[in-house]
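The values are calculated or read from the model by the stated rules, or taken from the named source; none is laboratory data. Here the structure is a predicted model, which means the values were calculated and not measured. Because the Cβ atoms are built from the backbone with ideal geometry, glycine has one as well, and the counts that use them run over all protein chains shown. These area figures cover heavy atoms from the full protein model, side chains too; ligands, DNA and RNA do not enter into them. Shrake-Rupley method; radii C 1.70, N 1.55, O 1.52, S 1.80 Å.
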Amino acid sequence: RAKSLGRNGFQFFDEELRDEIQTRARLGSELRGAIAGNGLTLHFQPLYSMPGNRLSACEALVRWHHPTQGMIPPDQFVGLAEENGLIHDLGEWVLRTACNEAADWPAQVKVAVNVSPIQLRNPRFIRIVEEALAQSGLPPERLEIEITENIFVQNSATNREILQKLGRIGCSIVLDDFGTGYSSLGYLRSFQFQKIKIDRSFVQELPERGAAGIIRAIISLAQSMDIPITAEGVETQDQWAHLNDLGCNQVQGFLLGRPQPADMIRQAILTHA
Ligand code: C2E
Ligand code: MG
Ligand code: MG
Ligand code: MG
């Protein structure tokens, strides 16, 4: 390392970059193996209706059970899968597994699945969703597809078309992480979402006035468009009470339940649905 700094200041960065590229390549091929084998697992986090406080849906959140690194959270491999194309196989596995699991739940409990913009652009995507529904027997009305507003940054005509097709199948389209993306609000007019999820960065600042103001504005915007609102990242009783006062329709967060393995969520559903 000392040598690398001496003769050529760039060499250190070269090595670091090379290591980084090698690590990502290795992680990529390990991920391919995990998708093909049974290295992936889904956790489910409950969503509760408000008022009423019933468990009305569960969000499927993918985890990678790595042989040496333990449980790896999605933020550390979904981006990689988007870069190297594995997101298609990963996403298909998630959809199938989530639908199979949810098919055994009571009929009033929905399942929410996160879908990357890259998956949406796959011409086979609609077919993949239809097959996951058909093979599991899950009614389309019980599948919620969560997308982020980032997909509206470009090419809105194609996106709108895909979302409309999903709607025609009977699935709900949910706008996730609302308020954090870069796009304008114009797309809210061109597509009717069945639900908007307020990003947890706003929720976690409650009861701070700025955050409360933004949440109030989002809820009133959504109400004027007849779109139910979910708040994610609810961790305290105080946040829950504020969201209740503001007229929020559904809540999700560690206060109500953490993401948990399928057999544990089945227990929660039995007692709270
Ligand atoms: P997301 O869709 O916004 O999911 C919610 C994330 O917030 C989850 O993190 C969840 O564990 C976390 N969370 C929920 N309640 C709380 C809370 O009260 N406090 C805090 N601090 N965090 C909370 P997770 O499971 O690590 O997932 C992160 C992101 O990875 C997800 O954000 C989603 O964008 C993406 N993701 C997860 N599973 C999939 C998948 O199957 N496919 C795709 N394309 N993306 C996925
Ligand atoms: Mg989500
Ligand atoms: Mg979210
Ligand atoms: Mg998020």
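Could you tell me the distance between the Cα centroids of the stretch 121-194 and the stretch 37-107, to the nearest Å?
For the stretch 121-194 versus the stretch 37-107, the Cα centre distance is 17 Å.
Which ³J(HN,Hα) values in Hz, rounded to whole numbers, follow from the phi angles of the stretch 38-49 under the Karplus curve 6.51 cos²θ - 1.76 cosθ + 1.60, where θ = phi - 60° and Gly and Pro get x?
Calculated HN-Hα couplings, in order: 10, x, 9, 9, 9, 9, 10, 10, x, 10, 10, 6 Hz.
For Asn114, what residues show an amide H to amide H distance below 5 Å, using hydrogens built from the backbone and excluding near sequence neighbours?
Under 5 Å from the amide H of Asn114 lie the amide H atoms of Ala60, Glu146, each far enough along the sequence or on another chain.
Top to bottom by accessible area (1.4 Å), largest first, where do Thr148, Thr68 land?
Numbers: Thr148 35, Thr68 120 Å².
Sorted by accessible area, descending: Thr68, Thr148.
Pick from Asn38, Asn150, Asn53: which is most flexible by mean-square fluctuation in a GNM of the chain where alpha carbon atoms under 10 Å apart are linked?
Asn38
Going through the stretch 82-154, which chymotrypsin sites (Phe, Trp or Tyr not before Pro) have at most 10 other Cβ atoms within 10 Å and a DSSP loop state? Don't skip to the end; give the middle numbers.
Numbers: sites: Trp93, Phe125, Phe152; in loops: none.
Answer by residue number: there is no such site.
Ignoring ligands, DNA and RNA, how do Met225, Met264, Met50 rank by accessible area with a 1.4 Å probe, largest first? Could the numbers behind the result be given before it?
Details: Met225 50, Met264 105, Met50 10 Å².
Accessible-area ranking of Met225, Met264, Met50, largest first: Met264, Met225, Met50.
Total Lys pairs in the chain closer than 20 Å by alpha-carbon, pairs eight or more apart in sequence or interchain only?
The result is 4.
At R0 = 35 Å, how high is the FRET efficiency between His272 and Arg96 if r is their beta carbon distance? Nearest 0.05 is fine.
Working: r = 26 Å, r/R0 = 0.73.
It comes to 0.85.
Counting each DSSP H run of 4 or more residues in the chain as -39500 (n - 2.57), what helix-only mean residue ellipticity at 222 nm follows after dividing by all residues, to the nearest 500 deg cm²/dmol? Before the final figure, lay out the partial values.
Numbers: 12 runs with 130 residues, N = 273.
Rounded to the nearest 500, it is -14500 deg cm²/dmol.
Placing unit charges on C-beta atoms (Lys and Arg positive, Asp and Glu negative, everything else neutral), compute the dipole magnitude of the chain about its Cα centre in debye, rounded to 20. Numbers along the way, then the final one.
Numbers: 26 positive and 32 negative charges, 68 e Å.
Roughly 320 debye for the chain.
Of the peptides 127-137, 81-91, 184-194, 13-23, how do they stack up when ordered by the mean number of other Cβ atoms within 10 Å, highest first?
Details: 127-137: 15.9, 81-91: 18.8, 184-194: 13.5, 13-23: 10.5.
So the peptides 127-137, 81-91, 184-194, 13-23, ranked by packing, come out 81-91, 127-137, 184-194, 13-23.
So for the stretch 132-273, averaging the separation of alpha carbon pairs under 8 Å that are six or more residues apart and normalising by length, what relative contact order in percent results? If you can, show how the numbers build up before the last one.
On the way: 180 pairs, mean separation 24.2, N = 142.
Contact order relative to length: 17 percent.
Go through Arg266, Arg63 and list them by solvent-accessible area, largest first, probe radius 1.4 Å. Before the final figure, lay out the partial values.
On the way: Arg266 100, Arg63 40 Å².
Heavy-atom accessible area, descending, gives Arg266, Arg63.
Remind me, relative contact order of the stretch 215-255 in percent, using alpha carbon pairs under 8 angstrom and six or more residues apart? Walk me through the numbers before you get to the answer.
Numbers: 41 pairs, mean separation 19.1, N = 41.
Across the stretch 215-255, relative contact order equals 47 percent.
Taking the highest mean first, how do the peptides 157-166, 234-243 order by number of other beta carbon atoms within 10 angstrom per residue? Provide the component values of the computation, followed by the final result.
Working: 157-166: 15.2, 234-243: 17.8.
Per-residue Cβ counts within 10 Å, averaged per peptide and sorted highest first, yield 234-243, 157-166.
With a ≥ b ≥ c the root eigenvalues of the C-alpha gyration tensor of the stretch 222-265, is it rounded (a/c under 1.5), prolate (a/b larger than b/c) or oblate?
Working: a/c = 3.90, a/b = 1.61, b/c = 2.42.
Since a/c reaches 1.5 but b/c is at least a/b, the shape of the stretch 222-265 is classed as oblate.
Run the numbers on the chain and let me know its relative contact order in percent, using alpha-carbon pairs under 8 Å that are six or more apart.
Numbers: 420 pairs, mean separation 50.9, N = 273.
Relative CO of the chain lands at 19 percent.
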